[in-house]
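The structure appears below as structure tokens.
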Ligand code: MSP
């Protein structure tokens, strides 16, 4: 079985409903999956929810529900949002499902038998919202004496627990990261992890006493403990594709090709996770890519702090593809982005309404007006300098997309597509079809209009991973004849595939301008 291109997103905590930050990862992951499928590869996109641990237990308690009932009440919000945003995921895993919990237990057992887990006393400063301990040094070094991550109060706790021997694998991990330059991306995160690993690595406390927390996966060798939520959740990336259950399937999916995370969860993914895999005798993912944060007025989006925008509200107001486009175009993937409605409207009005929408509308209008709605036959392909410029740009587009996508540069990919759109808009001005029509130069007019229609066909395929609905609408309005889903990536650079003689079906403008002030 050929290897499937495996993409993962983090599993989202179900203590609150999804916000822009969550949707960002899933949109980026979906765009990559669609791009790979367009290139003819099989892609498998996994997402899901992280449902154990103290945070969930507390949120459930506040609502008077059991943790499972509470999780059940939140999960549909994620499922529905992914549907609304056209996230083409192949599997949605919940960490409370038996297919996950039973394998987590087996993995614990394996590591225990192997001697990588041991019992010991743990004493430290615990932050409940972050579900993590801080050492004495870390707390005394911090100016506030509070959690280093969320700056909230920490509590002193000593308890008997099980530990995972991270320290045993530290030298191996450093060497692995150094010899695999694409393992942790972007570069800034790779360096961050390497400098973290320059200090001795503490073993990881991977259980919680039931007396303090009962909402977790059973520990097969201790009745008094449950599994630490991070240890449980990370394993989803292998439980979903069938680890210890369906060897053949697992072998065709694992290792993951791209694991998307936010920069705040780099350490579990770039330190605990590779060591867990190595200890289990498994290959490591090819790349862990940590993107930045979306900030609103300088603050990280956070439901619990009341800094959030509901993606559903934005989509209702401006449409799915405007939202997807904005997130992928506005910020460099890997860096932080600033979210504001003004910035979104600006992008919508300029890139989507003025550039793309206008090109589609004016091209189809001219086909209607001058050729009775039938795509004209060009006279001679590339007979003028301007034609040649447009055609060469279109032919060069696939390689530009490939190199930008290879670097997860979504903004760069979109800007190379917009280069073609803008070139086509200029082409309309310089070739002045209205003058050609007035002067009765029908042959030249046919060529110009065909070239514009052909550009639309190319743009439609090129944007399909990022804006699937818009791509489809352009395709349908052009009435190409073959389904868009059947297109291959190479069709982008293959000038002249649009068959003359088809009857277009012009619709409403794709992106009406937003005139009102926000
Ligand atoms: N449950 C863990 C992940 C376990 S993966 C095995 C978790 N969940 S989370 O719901 O808190 O966050 C999930 C993801 O959302 C993280 O990658 C985080 O970086 C991302 N985002 C949360 N807020 C964000 C922004 N404001 N901007 C961009 N992404 C951010 O952590």
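Quick rundown of the values:
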| item | result |
| --- | --- |
| Residues of region 220-253 that turn out to be in contact (Cβ under 8 Å) with a residue 60 or more places away in the chain, within 16 Å of the ligand (Cβ to nearest atom) and either assigned to a helix (DSSP H, G or I) or under 19 Å from residue 45 (Cβ atoms) (or both), as a count | 13 |
| Yes/no for residue 176 being in contact with a helix residue (DSSP H, G or I) (Cβ under 9 Å, 6 or more places away or on another chain), over 24 Å from residue 14 (Cβ atoms) and assigned to a helix (DSSP H, G or I) | yes |
| Filter pass, residue 257 being over 19 Å from residue 52 (Cα atoms), surrounded by fewer than 21 Cβ atoms within 10 Å (Cβ to Cβ) and touching a strand residue (DSSP E or B) at 6+ places or on another chain (Cβ under 6 Å) | yes |
| Condition check for residue 266: touching a residue at least 60 places away in the same chain (Cβ under 8 Å), under 17 Å from residue 347 (Cβ atoms) and assigned to a helix (DSSP H, G or I) | no |
| Helices (runs of 4 or more DSSP H) enclosed by region 56-150 - at least 2 residues per element that are under 22 Å from residue 268 (Cα atoms) and at pLDDT below 95 | 136-141 |
| Matching residues, region 303-326, being free of Cβ contacts under 8 Å to residues at least 24 places away in the same chain and either touching a helix residue (DSSP H, G or I) at 6+ places or on another chain (Cβ under 8 Å) or in a helix (DSSP H, G or I) (or both) | 313, 316, 317, 326 |
| All positions within region 6-21 that are more than 9 Å from the ligand (Cβ to nearest atom) and out of contact with any strand residue (DSSP E or B) (no Cβ under 7 Å at 6 or more places or on another chain) | 17 |
| In region 297-327, residue surrounded by the most Cβ atoms within 10 Å (Cβ to Cβ) [restricted to those that are within 13 Å of the ligand (Cβ to nearest atom) and at pLDDT 90 or above] | 327 |
| The lone exception for residue 285 - which of (1) within 16 Å of the ligand (Cβ to nearest atom); (2) assigned to a loop (DSSP other than H, G, I, E, B); (3) over 19 Å from the mean Cα position of the chain (by Cα) it fails | (3) |
| Test: residue in region 31-51 that is within 11 Å of the ligand (Cβ to nearest atom), buried (at least 22 other Cβ atoms within 10 Å of the Cβ) and assigned to a helix (DSSP H, G or I) | no |
| Any hit, region 225-240, residues being within 17 Å of residue 132 (Cβ to Cβ) and surrounded by fewer than 19 Cβ atoms within 10 Å (Cβ to Cβ) | no |
| Residue match in region 155-166 (condition: surrounded by 13 or more Cβ atoms within 10 Å (Cβ to Cβ), part of a loop (DSSP other than H, G, I, E, B) and in contact with a helix residue (DSSP H, G or I) (Cβ under 9 Å, 6 or more places away or on another chain)) | yes |
| Filter result for residue 24 (touching a residue at least 24 places away in the same chain (Cβ under 8 Å), more than 11 Å from the ligand (Cβ to nearest atom) and assigned to a helix (DSSP H, G or I)) | no |
| Some residue of region 478-488 being over 18 Å from residue 418 (Cβ atoms), without any contact (Cβ under 8 Å) to a residue 12 or more places away in the chain and not in a helix (DSSP H, G or I) | yes |
| Criterion: surrounded by fewer than 20 Cβ atoms within 10 Å (Cβ to Cβ) and in contact with a helix residue (DSSP H, G or I) (Cβ under 6 Å, 6 or more places away or on another chain) - qualifying residue of 404, 384 | 404 |
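The values are calculated or read from the model by the stated rules, or taken from the named source; none is laboratory data. As the structure is a prediction and not an experimental result, all values here were calculated from the model. Backbone-built Cβ (ideal geometry, glycine too); neighbour counts: all protein chains shown.
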